[in-house]
Amino acid sequence: MKPYVICHMNSSIDGRILSSRWRPSENRMTGLFERIHEELGGGSWLIGRVTGSEYAKGQAYPSHTDHTYPREPRFARRDAKAYGIALDARGKIAWGRSDIGGDPVIAVLTKQVSDAHLAGLRQDNVSYIFAGERELDLGLALEILNRELGIERLLLEGGGGSNGSFLRAGLVDEISLAICPAVDGAKGAPSIFDSSDRDAGAAAPIHSMTLASTEVLEGGVVWLRYRLQNG
């Protein structure tokens with residue numbers, strides 16, 4: 001069983017999510033993303049490696065350890081109200097912290113990650129799970145989070161690459177999108193759902209999208225919620 005996944009994002013009217021590029025700059029709506037996160041009910045949330053790296057405080061973990069660790073889930077805490085979950089298939093993030101805003105960090109790894117990286121995670125008191133041998137199995141990751149921690153609902157919060165991977169895997173149940181009155185207007189910025197060149201031809205298995213609600217917020221922001229039916 002997997003959690004109910006809500007992809008929650010803010011975007012410009014041209015679907016870009018790097019708000020530092022938006023114009024007019026005063027329409028970036030500081031604090032809006034977090035407020036809607038809470039209105040959606042808060043709880044555990046998931047981000048990709050690039051976004052996760054922005055929260056990291058460490059420089060790098062040691063490149064060697066004399067220890068060997070089993071490739072099985074390890075949880076520093078099982079009693080948190082919410083967890084900050086980050087995809088890190090190859091173990092590139094040196095966290096230097098154990099939580100983000102009080103939410104314990106959980107790294108989602110593949111089994112090819114080195115023992116030295118696992119040693120670094122343990123030293124930082126960061127929890128981790130394994131979902132796949134060399135490539136992440138996102139469905140398996142969700143099943144593990146549900147089975148081990150009882151997570152029944154998860155906010156998927158970017159970046160565009162991880163959002164796109166979940167969408168193409170048919171794992172997004174709902175989209176929450178706050179469209180801000182600003183534009184990016186140029187190539188190169190990530191969009192709400194992105195892909196690598198390798199995945200560019202893969203279509204998401206969506207059978208239907210149903211508008212659940214629409215709300216006009218302060219400053220001309222339009223908040224849309226859609227429910228998805230996946231194949």
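The values are calculated or read from the model by the stated rules, or taken from the named source; none is laboratory data. Small disclaimer: the values here were computed from a predicted structure and weren't measured. All Cβ positions, glycine included, derive from the backbone under ideal geometry; neighbour counts span all protein chains shown.
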Could we say that ILE144 is surrounded by fewer than 20 Cβ atoms within 10 Å (Cβ to Cβ) and among the β-branched types (Val, Ile, Thr) here? yes
Being within 27 Å of the chain's Cα centre (by Cα) and either modelled with pLDDT under 95 or of a type in the set (S, T, N, Q) (or both) is the filter here; which residues of region 60-76 pass it? ALA60, PRO62, SER63
Result of the Cβ filter at 6 Å on region 220-231, keeping first residues that are assigned by TED's automatic domain parsing to the domain that holds ALA178 and partners that are loosely packed, with under 14 Cβ neighbours inside 10 Å and hydrophobic (A, V, I, L, M, F, W, C), at least 6 apart or interchain, is VAL222/VAL216; ARG225/ALA212; TYR226/MET209; TYR226/LEU211; ARG227/ALA212; LEU228/MET209
Among the residues of region 26-55, the number that are free of Cβ contacts under 8 Å to residues at least 40 places away in the same chain and part of a helix (DSSP H, G or I) is 6
Among strands (runs of 3 or more DSSP E) entirely inside region 131-231, those with 3 or more residues being at positive phi are none
Suppose the filter is closer than 19 Å to GLY84 by Cα and surrounded by fewer than 20 Cβ atoms within 10 Å (Cβ to Cβ); does ARG168 pass it? no
